[in-house]
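Here is the structure we will look at.
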Amino acid sequence: MKNFFSVLLFFSLASLTLTAQTIITGRILGYNEKPLLRADVHISSPLTKEVFFSIKAKKNGSYRIELRKNGYYFLEYTGANNQRLKIPIIINKSKRIKLNIVLKHNQYLPTFKKVQIIGDFNNFDIDKPVTMKKQSDGTYTAEFETTRHKFAYQLIGIEYTGRIINGTESDSFIYDGDGDYESVVISKNGKVKITFNPKKLVRINNAEQITFDIKNYVDKEAYNIITSMGQRQNRIILAVNNNKGKLPKNFNWSKDIKKVQDQISKEKNPLLKKLSLLSYLELGVFGAKNIDGTIAKQAFEEIKPNSIIWAVDPRALELSYGFTGYKGNPGYVNKVISSNPNREVVGFSLYLKTMQAKRVGNV
């Protein structure tokens, strides 16, 4: 199903309506639970990754977002010197959500073999970085001539995973659009001297913290279910990668199946139960054996074709065509195409319909 992502890129996100429905507030803090030098919140599409709205947090770390359309979103939290955090959230009705965040601090290499710089001087071209000169005091420097009053730059070769990030010398910051920040310094007499000082790096391995208000229990549990689905998917991908691109025949599905079945049987909240049913269908998509057809039937009865839930993982719609132990729900995908408000879900449904037609020889 890899091709469906390219299909979805042709579908733009639905525009927001004019009436505010949901308000999200909270604070973004650092490892010491103090406000960051610069922090932002972004609203993005989980499937296409497109960011279509961003706001800058206030100096005290507080933020306020108004979401004007129901849907499935990522709340992306970013901060200078910190790692990006993505929170999946389902907006299915007007509500107020309070969500406080502590970001995980950047992790740096223990030593630096080569520190490179990109910036306004080369249009941030990562293929043409300038290597900074190491000084006797352990700092790294680079000098440039510029006609700009404000000079922006980023450093390569200091962050543990290879991310390109802001430096230790900054008068302000600019969000780079991809989870990190550019450092900005003021030029003097047409020149700038950039200094990277490793001694200024904060080396701490703190854990990110996500705190929903007690009134937002359903949103918190929805986040837990969706996150669990993502963790399960990562575990499956790891198993495939470690087995020459194939899922091991002895892969143990029993714990996953039992866990989700228990969630379905115990859950009373309609939204959380539908998410649990979707999670169960996803197991079937990944190839789990002994999937119960009666639960699949329940899923396609309780999750309506126009439901926002399908945006969490539209791949589960494939099971509507049936499998061993479940005859399927003929026409369900057509109903999704005609009624679902999420264009990404509709795009994938069109792809599914085409693939199904090829399988049965109608194309």
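Which order do the peptides 298-311, 86-99 come out in when sorted by mean C-beta neighbours inside 10 angstrom, highest first?
In descending order of packing, they fall as 298-311, 86-99.
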**Fill in**
Extension length gain for ILE237 and LYS193 (0.36 nm per residue less Cα distance), in nm, is 11.3 nm
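Between ASN252 and ASN32, 0.36 nm times their residue separation minus their Cα-Cα distance comes to what?
75.1 nm is the gain from fully extending ASN252 to ASN32.
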**Prompt:** What full-extension length gain, to one decimal in nm, is calculated for ASN206 and ASN123 as 0.36 nm per residue of separation minus the Cα-Cα distance?
**Reply:** 26.5 nm
**Relative contact order of the chain, defined on C-alpha pairs under 8 angstrom at six or more residues apart (%)** = 14 percent
**Item:** Sorted largest first, extent of segment 215-360 alpha carbons per principal axis (Å)
**Value:** 46, 39, 27
**Request:** Return the lysines within reach of LYS34: Cα separation strictly under 25 angstrom, same-chain partners fewer than 8 residues apart disregarded; answer none if there are no such residues.
**Result:** LYS56, LYS58, LYS59, LYS86, LYS98, LYS104, LYS199, LYS200, LYS215, LYS220
**Fill in**
Over all directions, segment 116-200 yields a Cα convex hull whose mean projected area in nm² is 5.6 nm²
**Prompt:** For the pair LYS98 and GLN298, how long in nm is the line joining their label points, each one 7 Å along Cα→Cβ?
**Reply:** 3.5 nm
**Message:** Pairs of alpha-carbon atoms within less than 8 angstrom and 6+ residues apart define the contacts here; what relative contact order does segment 215-360 have, in percent?
**Reply:** 17 percent
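Once the convex hull of the C-alpha atoms of the chain is built, how many Å³ does it hold per residue, rounded to a whole number?
Each residue corresponds to 182 Å³ of Cα convex hull volume.
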**Message:** Could you work out the relative contact order of segment 247-298? I mean the mean sequence separation of Cα pairs under 8 Å and 6+ apart, divided by the number of residues, in percent.
**Reply:** 34 percent
**Message:** Report the Cα centroid-to-centroid distance between segment 318-347 and segment 215-233 in angstrom, as an integer.
**Reply:** 24 Å
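Read-outs throughout are calculated quantities, based only on the coordinates presented, and are distinct from any laboratory measurement. These numbers were taken from a predicted model, which means no experiment stands behind them. Because the Cβ atoms are built from the backbone with ideal geometry, glycine has one as well, and the counts that use them run over all protein chains shown.
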